[in-house]
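First comes the structure, then the notes that go with it.
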Amino acid sequence: MTTASPAPAPSMRLRELVFGAACAAALRAAARLGVADALGDSPMSVEDLAAAVKTEPKPLRRLLRALSCYDVFTEEEDGRFAHTDMSRLLREDDPASLRSISLWCTEPWTWDAWPRLEEAVRTGRNVVEGLYGKEFFDYLHEDAPESADVFNRAMTTSSKQSARDVAQLLDLSGSSSVADIGGGQGHVVASLLEKYPSMRGTLFDLPRVVENADPRLREGGALADRVRIVPGDCRVAIPVRADAYIIKNILEWDDDSTARTLRNVIAAGGPGTRVVVIENLVDDTASMRFSTAMDLLLLLNVGGAKHTTKSMVDRLTGAGLVIDTIRPVNPYLHAFDCTVPA
Ligand SMILES: C[S@@+](CC[C@H](N)C(=O)[O-])C[C@H]1O[C@@H](n2cnc3c(N)ncnc32)[C@H](O)[C@@H]1O
């Protein structure tokens, strides 16, 4: 049986930490091989699992042994492997599945970018443009369509999980229309339209993203007659008029893009418009290791950052918005509820 030492000495803990890439790679391999999907409720032998996921048994045992040190899968006394609460989250069909997010956080471009973290820390700039000769989202959509699909699925997973929380928190009874800027595939807008049956909505995002909008929003979908899907670049223009705008997990890129997006929202909505910005914060979260890792990844890919409360407040007030409230949406997201002043 594989067990992790309960409290390793600092010298061993540091050794473990510098091998963090091995853990990430093992999770990625297990997710891509579909090991968690092949393993049912009963423990399975490595031979049966290997036959199910089409691998050699011996290296599969090594992979599972490495992961079970992190409580992802567990090895029984008889050498068979079983699920743990964490390994179940790698299943595609788990209601709280993190499979797409696990793949997104370990996509091939991340393995190109992490070795350049030192350079990014020196310069404060993204490394993707040096690596691929173009901005991150252009690279993703033009040169790495598989990664773009993984990204969209990962965003869908996390949006679905947070859309319910956003819809529950926000009282939009005073608004007759809402626009989600950079709204991905539209889960937040769909949840809000389901909550408010007479509200109209707009989903605005890059063309390749809105092409795959949630089926509820597309032609023939239950919400289609109340929704407009608008492709575009929010840094260039936001040709969408609404009473309330949602901007969720967008303002994490460079300051110029944030300033341009906020300027375009303010110009589109005009005085009195409600603007709700929703972000993970790095100074007020129950998950600092996750948030700070995402913060570094944002530096590498878009030269961006997760915000502190103060840095978000500075960006919003600097753009001319009045902040009415700052409230937690759930343990990892905060909503900055703002108004465009007269
Ligand atoms: C981190 S995701 C957040 C998606 C969604 N708001 C959510 O919270 O689930 C960032 C989104 O910004 C979109 N995006 C990136 N650059 C954009 C741009 N220039 N104009 C509009 N949307 C953009 C991406 O396509 C992606 O859907």
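Annotations for the structure displayed:
- Most fluctuating residue given options 174, 272, 182, as computed from a GNM of the chain linking Cα atoms under 10 Å: 174
- A Cβ-based charge dipole, computed about the Cα centre of the stretch 1-141 with Lys and Arg at +1 and Asp and Glu at -1, lands at about 480 debye.
- Solvent-accessible area per residue for the stretch 1-69 (1.4 angstrom probe, square angstrom): 62
- Computed from phi, the 3J(HN,Hα) profile of the stretch 104-109 under the Karplus parametrisation 6.51, -1.76, 1.60 (θ = phi - 60°) reads 4, 6, 10, 4, x, 5 Hz, with x in place of Gly and Pro.
- Top positive-direction residue, dipole computed over the chain with Cβ charges, set 39, 246, 89: 246
- Cα gyration tensor shape for the stretch 179-303, rounded if a/c is under 1.5, else prolate or oblate: prolate
- Under the convention that each Lys and Arg Cβ holds +1 and each Asp and Glu Cβ holds -1, the size of the dipole of the stretch 1-80 around its Cα centre is about 500 debye.
- Heavy-atom accessible surface of the stretch 94-225, averaged per residue, reaches 47 Å², computed with a 1.4 Å probe.
- Simple Cβ-charge dipole of the chain, Lys/Arg +1 and Asp/Glu -1, about Cα centre, in debye nearest 20: 380
- Vicinal HN-Hα couplings computed from phi for the stretch 327-338 (Karplus, 6.51 cos²θ - 1.76 cosθ + 1.60; Hz; Gly/Pro x): 9, x, 8, 7, x, 10, 10, 10, 10, 9, 8, 10
- Residues with amide H under 5 Å from that of residue 176, placed H, sequence gap 5 or more: 243
- Residue with peak Gaussian network fluctuation, the chain [Cα springs, cutoff 10 Å], from 158, 42, 177: 42
- Electrostatic bookkeeping for residue 244 treats Lys and Arg as +1 and Asp and Glu as -1; over the other residues with beta carbon under 13 Å from its beta carbon, the sum is 0.
- By the helix-only formula, in which each DSSP H run with n ≥ 4 contributes -39500 (n - 2.57) and the sum is divided by residues, the chain has a 222 nm mean residue ellipticity of -13500 deg cm²/dmol.
- Between 62, 13, 226, the Gaussian network model of the chain with springs among Cα atoms under 10 angstrom shows the greatest mean-square fluctuation at 13.
- Vicinal HN-Hα couplings computed from phi for the stretch 297-307 (Karplus, 6.51 cos²θ - 1.76 cosθ + 1.60; Hz; Gly/Pro x): 5, 5, 4, 5, 8, 10, x, x, 7, 6, 8
- Dimensionless Rg over Rh [the stretch 289-338; C-alpha; Kirkwood]: 1.02
- In this simple spin-label approximation, residue 222 and residue 76 carry label points 7 Å from Cα along the Cα→Cβ vector, and these lie 4.1 nm apart.
- Split the accessible area of the chain by element, probe 1.4 Å, and carbon with sulfur accounts for 55%.
- In this structure the amide hydrogen of residue 276, modeled in the peptide plane, comes within under 5 Å of the amide hydrogens of 245, 246, 247, 338, none closer than 5 places in sequence on its chain.
- Total formal charge among the other residues, if their Cβ is under 13 angstrom from that of residue 198, Lys/Arg +1 and Asp/Glu -1: 0
- Span from the the stretch 10-84 Cα centroid across to the the stretch 255-304 one, whole angstrom: 36
- The chain shape via C-alpha gyration tensor axes, a/c threshold 1.5: prolate
- Between residue 69 and residue 322, the C-beta separation translates, for a Förster distance of 35 Å, into a calculated FRET efficiency of about 0.10.
- Net charge, residue 103 excluded, C-beta distance under 14 Å - Lys, Arg +1, Asp, Glu -1: 0
- Furthest towards positive pole of dipole, 273, 102, 66, structure part the chain, Cβ charges: 273
The values are calculated or read from the model by the stated rules, or taken from the named source; none is laboratory data. Since this is a predicted model, take the numbers as computed values, not measurements. Because the Cβ atoms are built from the backbone with ideal geometry, glycine has one as well, and the counts that use them run over all protein chains shown. Only protein heavy atoms, including side chains, enter the accessible area calculation; ligands, DNA and RNA are left aside. Shrake-Rupley method; radii C 1.70, N 1.55, O 1.52, S 1.80 Å.
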